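First up is the structure itself, then whatever we jot down about it.
Derivation of every value follows stated rules applied to the coordinates shown; laboratory data play no part. Every value quoted in this text rests on a predicted model; they were computed, and no experiment measured them. Methodologically, a virtual Cβ is constructed for each residue, glycine included, from the backbone with ideal geometry; neighbour enumeration extends over all protein chains shown.
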Amino acid sequence: MTYEPFEDGGMRITVESTNAGGQQSTWSYVTLFDGAFRPVAGQNSAETAVEVINESTTRISNARNGRVYQVIINTLLEDGDTISNEYVRLDEDGNIVRVTHATYRRIG
């Protein structure tokens with residue numbers, strides 16, 4: 001995952017991955033942290049919106065075909081090198097069907 005500056009105060013996020021079958025994929029999106037949905041390059045009918053909750057937390061909403069199916073609460077911890085993510089999956093009616101957590105640490 002790479003992060004690059006975008007316009008005035010925004011960010012471009014690019015993800016490159018390889019699945020267990022060896023298939024590679026690349027997708028990316030840009031945000032101005034204003035909660036506006038913007039297209040995801042490399043994913044059909046996908047959009048992402050990012051908004052700032054407070055100085056260490058953002059909410060990322062992922063939609064496909066106009067329906068939000070996932071919300072990610074992304075929190076930078078006090079050490080400045082660790083991000084805690086809460087992934088909330090939603091059904092067609094917007095009900096929570098699954099919540100998972102992940103922690104990411106900066107390497108290097």
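Listed values, structure above:
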{"quantity": "Length released on extending from Gln23 to Arg64, taking residue separation times 0.36 nm less the Cα-Cα span", "calculated": "12.6 nm"}
{"quantity": "Loop sites in segment 1-107: chymotrypsin sites (Phe, Trp or Tyr not before Pro), DSSP, at most 15 other Cβ within 10 Å", "calculated": "Phe33"}
{"quantity": "Ala36 versus Asp8: modelled label distance in nm, points set 7 Å from Cα along the beta carbon direction", "calculated": "1.2 nm"}
{"quantity": "Arg89 versus Arg106: modelled label distance in nm, points set 7 Å from Cα along the beta carbon direction", "calculated": "3.2 nm"}
{"quantity": "5 angstrom amide H check on Val40, placed H, neighbours 5+ away", "calculated": "Ala46, Glu47, Thr48"}
{"quantity": "FRET efficiency, Glu16 to Glu78 (Cβ-Cβ, R0 30 Å, nearest 0.05)", "calculated": "0.55"}
{"quantity": "Under-5 Å amide H pairs with Ser56, H placed in peptide plane, nonlocal only", "calculated": "none"}
{"quantity": "Within a Gaussian network of the chain (alpha carbon springs, distance under 10 Å), most fluctuating of Thr26, Thr48, Thr18", "calculated": "Thr18"}
{"quantity": "Total charge dipole magnitude, the chain, about the Cα centre, Cβ charges on Lys, Arg, Asp, Glu only, Debye to nearest 20", "calculated": "380 debye"}
{"quantity": "Karplus-derived 3J(HN,Hα), 6.51/-1.76/1.60, for each residue of segment 59-72, Hz, glycine and proline x", "calculated": "10, 10, 10, 10, 10, 9, 6, x, 10, 6, 10, 8, 10, 10"}
{"quantity": "GluC sites (Glu not before Pro) restricted to DSSP loop in segment 1-79 with at most 14 other C-beta within 10 Å", "calculated": "Glu7, Glu55, Glu78"}
